[in-house]
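None of the figures in this text is laboratory data; all of them are computed from the coordinates on show. Quantities reported herein were computed from a predicted structural model and do not represent experimental measurements. We place every Cβ from the backbone using ideal geometry, glycine too, and count neighbours over all the protein chains shown.
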Amino acid sequence: MCPFIDVFGFDVGTYGICCIIGGALAILLALYNKQETGLTSLDIVEAAAFIIIGGVAGAKILYLIADFDTVAYIITEYGITLKTVMGLLQGGFVFYGGFIGGFAMLLIYSKWQRIDTMLFITAIAPSIPLAHAFGRIGCFMAGCCYGVPSEDFGIAFTDSLGAPNDIKLFPVQLLESVLLIILAAAMQIFTMKSKHRHCTVYIYLFAYPIIRIFTERFRYDDSQRGIWLGISTSTWISIAIIIVGIILYLLDQKKGFPEPEPLPSFEDEEEIDI
């Protein structure tokens, strides 16, 4: 739709702009939600940096795995050169890979800082769909993750980086973005109202996979994302996440949904003169 905009004579990718806006808003929301956890602003910002690094790496790795045939063809045809490697590293990301990679890096960071991972999850959970919603807007602007042909509800791209141009395609990216914003709002309300704030993550583990399975039926870029036994990679991962979510919920329920112990706060302690 509009993959680049001119900024002082430079072409700036709208996908990157949307991701930056979404990431910034997600961090601000997490900073607000850190209340009652004992986490500092620095903890949230550092954790966010780890999550971003893991998210980008994971999203790229899963994309390369899902589109292995194309990767193998490029390497076979052109060899392993700096140009081919850089070409493979540019573009092409799978959200679920980013989700897994980001969570892995959050585990590493929390272990390194010796902080209960659930404290971070409590603060960050509503931020995940919020950031993702802006990422999907970026997908629409760039023309990736495009929808099926649709004369009634389609939008034709003219300068897309991924979608076929001049064909009316269903704007599945915008549909998912709207559903993600609704999910983020529901999770935020639950976080603010519930006595079991950490349980907000279960809403995400159950709701987003359902959203993804629903929107997958409108996707038209299957060849780029991998199909196993006639089902897309993302659908398989969605099913797995729902199963994992159910198991974690039942285990937590058995314990009585205990809230993670907040970190001690030293802000109100009197200053000691030495």
- Query: Magnitude of the Cβ-charge dipole of segment 8-254, K/R +1 and D/E -1, about the Cα centre, nearest 20 debye?
  - Reply: 820 debye
- Query: Order of Glu77, Glu36, Glu259, Glu176 from fewest to most other C-beta atoms within 10 Å?
  - Reply: Glu77, Glu36, Glu259, Glu176
- Item | Under 20 Å, Cα to Cα: Lys pairs in segment 8-254, sequence gap 8 or more or different chains | 5
- Query: So what's the projected area for the chain, the Cα convex hull averaged over all directions, in nm²?
  - Reply: 19.8 nm²
- Query: By count of other Cβ within 10 Å, fewest leading, how are Arg212, Arg136 ordered?
  - Reply: Arg212, Arg136
- Non-local residues with an amide H under 5 Å from the amide H of Ile155, with H modelled 1.01 Å from N and Pro and chain starts lacking one, are Leu169, Phe170
- Note on the structure: If each K or R counts +1 and each D or E counts -1, the residues other than Thr191 whose Cβ falls under 15 Å of its Cβ total +2
- Message: For a test of the definition: using alpha carbon positions, the gyration tensor, and the 1.5 limit on a/c, classify segment 1-46 as rounded, prolate or oblate.
- Response: prolate
- Query: Where the eigenvalues come from the Cα gyration tensor of segment 17-67, what are the semi-axes √(5λ) of the equivalent ellipsoid, largest first, in whole Å?
  - Reply: 26, 13, 8
- Item | MRE, 222 nm, helices only [DSSP H, n ≥ 4, -39500 (n - 2.57), over the chain, to nearest 500] | -21000 deg cm²/dmol
- Task: Using per-residue counts of other Cβ atoms within 10 Å, averaged over each peptide, order 179-185, 98-104 from highest down.
- Result: 98-104, 179-185
- Query: Can you give me the relative contact order of the chain as a percent, contacts being Cα pairs under 8 Å and 6 or more apart?
  - Reply: 22 percent
- Query: Which of Phe50, Phe8 comes first, and how do the rest follow, when ranked by fewest Cβ neighbours within 10 Å?
  - Reply: Phe8, Phe50
